[in-house]
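The values are calculated or read from the model by the stated rules, or taken from the named source; none is laboratory data. No experiment lies behind these values; they were computed from the predicted model shown. Glycine gets a Cβ as well: all are built from the backbone with ideal geometry, and neighbour counts include every protein chain shown. Heavy atoms of the whole protein, side chains included, go into the accessibility calculation; ligands, DNA and RNA do not. Shrake-Rupley method; radii C 1.70, N 1.55, O 1.52, S 1.80 Å.
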Amino acid sequence: MDAADEARRLSALYDEVLGGNRVPGAPRPLVAASWQRSLAAAVDPELDAPPVVVDHDLLEALRTNHPLRAVLPVLRQTLTTIADEASHIMIITDAQGMILWREGAAAVRRQADRIALSEGAVWSEDQIGTNGMGTALATGQPVQIHSAEHLVRRIHEWTCAAAPVHDPDTGKLIGAVDVSGPLRTVHPAMVALVTAAAQLAEGQLRVRMAAADEMLRARNMQHLVKLGDSPGALLTPSGRVLAVQPLEWLPDRLIVPTDTDRIELGDGREGLIEQLDEGYLLRIPGTPIRRTRPSLRLKLLGAGQPLAVVGGREINLTLRRAEVLTLLLLHPAGLTAEQLMLQLYGDEGNPTTVRAEMHRLRSALGGGVLDTKPYRIIADVTGDITDVQAALRRGDVRAALDLYAGPLLARSDAPAVRAERDELDATLRRAALSSADPELLWRFALTSGGAEDLEVFETLATGLPAADPRLAIVSSRLERLAE
């Protein structure tokens, strides 16, 4: 059955059902339920246009503050070109069904204006009856409404498909994406198209949320650290738990009160909430937890076996575990599973693999060493790489060379570890060359990186005293490097 025949069938069914007659082939359950909700809200099937249309200034204010504004480029790229080619328009609404943005073919927009399918109009079910946007928002699922499935007769010449969009932080409905067009433009792929666009929008919002989380954590972790041994947590503005220290149990999200500094923790306990510039600091009143932090020493430089020493207990590390501990050592504020995945594997990684590895690593190291939300080292930690870095920051090149046992995890191909290894070697090289001290430069020349460095040996050739027996070695190496 083509679109026109289906429209005629639906129109006949519409007249019979709204006339109060019992007829075979009743509307789809989704449509029938929507008609019932719409009629219960006193929507007139002979309505001309949505009764609520906001003015331009209010519309601009709503657009400016709406979270979907940030993903407009993605939605335009996904939907507008297709809508233009298929004589459709792309529509984005807020959670109340107000049309915030409408784009597409000019001819279709002119037709849409005749039924107030335009920016600023509210197309919720309780205002204009059954329609793609309103019904998607009412049901929380993608829908397609065709011809006489619309409750209001004047919209029967249109077909539309819409999908709801949810906030990845709170899970709340924030709007809908819709593709609408004249009756002749109906296509079975419309629902799949708007569903994919909604999922893409949610994915982009999730990426932005992760970036905001990392920024909040980096800027505010100091407040949590200052609690010392007292239990506490760092919360997002929506109450999501970003970081904790030491608490036996805490839900992933808390309801942050607006009129008091007391907060219920969900298990009978009560906490104190303090508003920060970004998010909140949660403190648990009472006696601070007294604990002795275990010590952790990481040996990561050179060609030998990577090693962790926990309270005097030596633990041989696999390369992957050494890579994880290297990244956590160099990011004391912590990293999420997704961030660790990218730094270890690049775009081809899987956060589930990282979480499984972290579980095994925490068991191997014992309690009080690693924490979650985010993954971070909570023991009193030192490492040979950070010792070298500290010496270089002090300008003590001699101490840095004393501590430098070789490249950082030389066998590692993890992107972030390679970058840290190259940066450390380059910094040490610059410091040795800039020192103008032949003794320090000679010591660097004995490292694996310095042994093949032409500039280092050229500088030694001019810097060592004429009677220095090492000049013969330098000359021989220069000849080989020149070849």
- Does any residue of region 70-82 turn out to be modelled with pLDDT of 90 or more and surrounded by 13 or more Cβ atoms within 10 Å (Cβ to Cβ)? yes
- Query: Quick check: anything in region 339-348 exposed (fewer than 14 other Cβ atoms within 10 Å of the Cβ), within 19 Å of the chain's Cα centre (by Cα) and of a type in the set (Gly, Ala, Ser)?
  - Reply: yes
- Kindly indicate the residue of region 92-109 that is open to solvent by 30 Å² or more (accessible area, probe 1.4 Å) and outside any strand (DSSP E or B) and also nearest to LEU173 (Cα to Cα) among those meeting that condition. ALA95
- Item | Those residues of region 400-438 which are over 21 Å from LEU344 (Cβ atoms), out of contact with any Phe, Trp or Tyr (no Cβ under 9 Å at 6 or more places or on another chain) and open to solvent by less than 20 Å² (accessible area, probe 1.4 Å), in sequence order | ALA400, GLY406
- Item | Counted residues, region 403-458 - those being touching a Gly at 6+ places or on another chain (Cβ under 6 Å) and among the aliphatic types (A, V, I, L, M) | 2
- Query: Any chance region 24-46 includes a residue that's open to solvent by less than 60 Å² (accessible area, probe 1.4 Å), on the phi > 0 side of the Ramachandran plot and at pLDDT below 85?
  - Reply: yes
- Matching residues in region 239-270 (on the phi < 0 side of the Ramachandran plot, surrounded by 16 or more Cβ atoms within 10 Å (Cβ to Cβ), assigned to a loop (DSSP other than H, G, I, E, B) and modelled with pLDDT of 85 or more) number 2
- Item | Residue identified as at pLDDT below 90 and under 20 Å from LEU330 (Cα atoms) among ALA414, ALA467 | ALA414
- Among the residues of region 449-480, write down those that are surrounded by 13 or more Cβ atoms within 10 Å (Cβ to Cβ), closer than 21 Å to PRO407 by Cα and of a type in the set (A, V, I, L, M). ALA451, VAL456
- Those residues of region 291-333 which are over 23 Å from ALA218 (Cα atoms) and hydrophobic (A, V, I, L, M, F, W, C), in sequence order: LEU298, LEU300, LEU301, ALA303, LEU307, ALA308, VAL309, VAL310, ILE315, LEU317, LEU319, ALA322
- Collect the residues in region 309-338 that are buried (at least 17 other Cβ atoms within 10 Å of the Cβ), free of Cβ contacts under 8 Å to residues at least 40 places away in the same chain and farther than 22 Å from LEU424 by Cβ, keeping them in residue-number order. ALA337
